[in-house]
Amino acid sequence: MSVVVSLAERRVTAAPAEPLLAIEDLHVAIGPSGRAAPVIEGMNLEIRRSEIVALVGESGSGKSLTALSATRLLPRAAEITRGRIRFDGEDVLAMGPRALDGLRGNRIGMIFQQPQAMLDPTCRVGDQVAESLRLHRGLSREAAGARVVELFREVGIPAPEARARDFPYAFSGGMAQRVMIAAALSADPDLLIADEPTTALDVTVQAQILRLLHEQCRQRRMSLLLISHDLGIVAALADRVAVMYAGRVIEEGPARAILSAPRHPYTRALVECSLLKRDAGGRLVALPGSAISARELSHGCRFQPRCAIAAQSAHNHDCCSSEPALACCHGSHKARCWAVKPEPEEAQQ
Amino acid sequence: MSLQPATAFLDARDMVKTYPAPGWLTRGRRVNSVDHVSLSIAKGEVLGLVGESGCGKSTVARLLVRMDRADSGLIRIGGTEIGGLAGADLQALRRKVQLVFQDPFGALDPRMRLGESLEAPLHAHGIGDRGQRQAIALDMLREVGLDQSFYDRLPRECSGGQLQRVVIARALILKPELLVCDEPTSALDASLRSQVLNLLIDLKRRFGLTLLMISHDLRVVRELCDRIAVMYLGEIVELAPAAELFANPRHPYTRALIAASMLDNPDLSAAGVALRGEPPSPLNPPSGCRFHGRCPQAVALCAQSHPAFDPAAGHAARCHFT
């Protein structure tokens, strides 16, 4: 762990002040106009150069839509209704089709949960990766083919020359994800967005893929936005963690602080769930109920219906009537909860 | 009956299942999905079966509930040999043994109200009249912690965790004695995983269930199981009481799995080091010990001779070095 952390810290301190990706006050709604329901409301997220940021939350919390907004790849039913997205100083929301083509693939690479579904079953795997090299980089067929073999070697695919000529059915889930990573890296992007990259994989392969992502980010000084519902998986990889609930960030901060001293009751429950902690009665700690989406919301804190603190504490009135702001609790560690008080004297560790 | 221990509710010996290999290049060849696997589960026991995808653990589940027939081997459930069952006897087995799948969205008909789905097994077995079936279904919904409004809901109106509760309710509605859960929580978020696991623990106690828990996630089986069997390429490579397996794993594959599941301290630099590559194809299983190609301790002997395994031992491991 110590090696990983020290490298991570060096990366952060060397980064310039201007973030690579800045999402400000993003609002996204889904549905026909007039009856569109909000799914993301007031989302803020910054990713600095060569930083690994994990975006964590339950399904439906809006983490994938946030990532898709950054590349303007939202499904047709969804629409950005407000907010600003800047990538390397440029306004993404004002970009035309040409500029977007340059952004997607070239500057922002993406990988997803189901690697097999991303590959055309009727084309050789190497040709599919080469296609993006020829499109984005203008390489010749031969040069692209040679580059694919190099990339396959870099992402740890054994016998890369032979594997490049195979069809997707011959690839296991883990190997297919390596192909997707190779394809995403082919254009040398500044930012890689990985949406649940290991959820469909076995635990043994999960660890391998996470290590590969970490290595590649370090070597290429590439930023990574890692989206996952499992805090345990992002723990060792991320510099910073943002926790999303019902369409906005409810806690963010350095990964170590979030995992060892989570402040928001939701994050605390997530940490305990992901470690399968037991309560005093010997039962696994579980969150009651299921996540609400932003559209079901009335007033007050979004987490209040499931929150143990809101149910008992003196804050009850605030929790039900108005939503807390994302307040600083220590250094860059922020939480959106009425029960969280800033603690400047808290020990650094 | 006389051959098995008096307490074994399920006793499977030497199960073998092969499937025809997919694709025209490998036409005529067969994949050994399950290769001489023996398992027993005592009444009221929870047995965990873990392994990577493709190791044959789901095939074991299919054999035990008679969704598929074993090529050879004996499977006894509650004293009855299930391989040759047909007609009414097979119907009777279905009431005793039920299965919970991984994906709740795929396990429920999207156009059927949840109540109808719940009553389908009762209907199939001719239990009760319409009113009684509805009463049983509503009762079962309560047992799994859902209110009556779910009876009239469609699957798309529910979350994955809620649907998995319905799937569990449907599996339990016939009051089975053995419940086989094939990755019951891997399609769920971490927050819902604990809910569903708690539910399974409660129901097991209340209904006196015998459980087979299949998972690729050691963290999950550790919380739930009395004994754990580790499977690799169609074979069981280690079998031990849960606490013993985690305290003293004997097979290098088990050790690697434990390291990779990042149990207590999520630390990537330790995980993944132990295990390289992915399982070889079951179409061409390696000679000797099937794990030798990925094993950090393999020596020449491992490539030549196939280690033995004694499932009757309290803690058994299929490795030359135990």
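Table: residues versus (1) at pLDDT 90 or above; (2) in contact with a Lys or Arg (Cβ under 8 Å, 6 or more places away or on another chain); (3) β-branched (V, I, T).
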residue: B:L163; (1), (2), (3): yes, no, no
residue: B:V167; (1), (2), (3): yes, no, yes
residue: B:A171; (1), (2), (3): yes, no, no
residue: B:R193; (1), (2), (3): no, no, no
residue: B:L200; (1), (2), (3): yes, no, no
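Does any residue of region B:97-113 turn out to be touching a Cys at 6+ places or on another chain (Cβ under 6 Å) and not acidic (D, E)? Yes, region B:97-113 contains a residue that is touching a Cys at 6+ places or on another chain (Cβ under 6 Å) and not acidic (D, E).
A Cβ distance below 6 Å, combined with a sequence gap of six or more or placement on separate chains, defines the contacts here; from region A:311-327, residues that are farther than 21 Å from A:G289 by Cβ reach residues that are modelled with pLDDT of 80 or more and open to solvent by 60 Å² or more (accessible area, probe 1.4 Å) in the pairs A:L326/A:K334.
In the set (1) surrounded by fewer than 22 Cβ atoms within 10 Å (Cβ to Cβ); (2) in contact (Cβ under 8 Å) with a residue 24 or more places away in the chain; (3) of a type in the set (V, I, T), the condition left unmet by B:I201 is number (2). Checked against (1) over 17 Å from the mean Cα position of the chain (by Cα); (2) under 21 Å from A:H229 (Cβ atoms); (3) of a type in the set (D, E), B:E183 meets all criteria but (1). Could you go through region B:172-185 and let me know if any residue there is touching a strand residue (DSSP E or B) at 6+ places or on another chain (Cβ under 8 Å), in contact (Cβ under 8 Å) with a residue 60 or more places away in the chain and within 14 Å of chain A (Cβ to nearest Cβ). Yes, that holds for at least one residue. Reported count of residues in region A:38-90, each being basic (K, R) and touching a residue at least 60 places away in the same chain (Cβ under 8 Å), is 5. Taking region B:122-142 as the range and being open to solvent by 50 Å² or more (accessible area, probe 1.4 Å) and either assigned to a helix (DSSP H, G or I) or touching a residue at least 12 places away in the same chain (Cβ under 8 Å) (or both) as the test, the residues that pass are B:H123, B:A124, B:R130, B:Q132, B:Q134, B:A135, B:I136, B:D139, B:R142.
Residues checked against (1) in contact with an Asp or Glu (Cβ under 6 Å, 6 or more places away or on another chain); (2) away from chain A (no Cβ under 13 Å):
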site	(1), (2)
B:L188	no, no
B:S194	no, no
B:L200	no, no
B:R205	no, no
B:L211	no, yes
B:H216	yes, no
B:R219	no, no
B:M231	no, no
B:V237	no, yes
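Determine which member of the set A:L259, A:L210 is at pLDDT below 90, open to solvent by 10 Å² or more (accessible area, probe 1.4 Å), within 13 Å of another protein chain (Cβ to nearest Cβ) and part of a helix (DSSP H, G or I). Testing whether each residue is at pLDDT below 90, open to solvent by 10 Å² or more (accessible area, probe 1.4 Å), within 13 Å of another protein chain (Cβ to nearest Cβ) and part of a helix (DSSP H, G or I) leaves just A:L259. The set of residues in region B:114-171 being in contact with a strand residue (DSSP E or B) (Cβ under 7 Å, 6 or more places away or on another chain) and of a type in the set (V, I, T) consists of B:V167, B:I168.
I'd like the residue in region B:184-198 that is in contact with a His (Cβ under 9 Å, 6 or more places away or on another chain) and polar (S, T, N, Q) and, out of all such residues, is surrounded by the fewest Cβ atoms within 10 Å (Cβ to Cβ). Result: B:S186. Total residues in region B:154-179 satisfying the condition of being among the charged types (D, E, K, R) and either assigned to a strand (DSSP E or B) or on the phi > 0 side of the Ramachandran plot (or both): the figure is 1. Within region B:19-54, the residues that satisfy the criterion of being charged (D, E, K, R) and either in a strand (DSSP E or B) or surrounded by 17 or more Cβ atoms within 10 Å (Cβ to Cβ) (or both) are B:R30, B:D35, B:E45, B:E52.
The values are calculated or read from the model by the stated rules, or taken from the named source; none is laboratory data. Please read these numbers as outputs of a predicted model, since none were measured by experiment. Positions of Cβ are backbone-derived with ideal geometry, glycine not excepted, and every protein chain shown enters the neighbour counts. Ligands, DNA and RNA are excluded from the accessible area calculation, which covers all protein heavy atoms including side chains. Shrake-Rupley method; radii C 1.70, N 1.55, O 1.52, S 1.80 Å.
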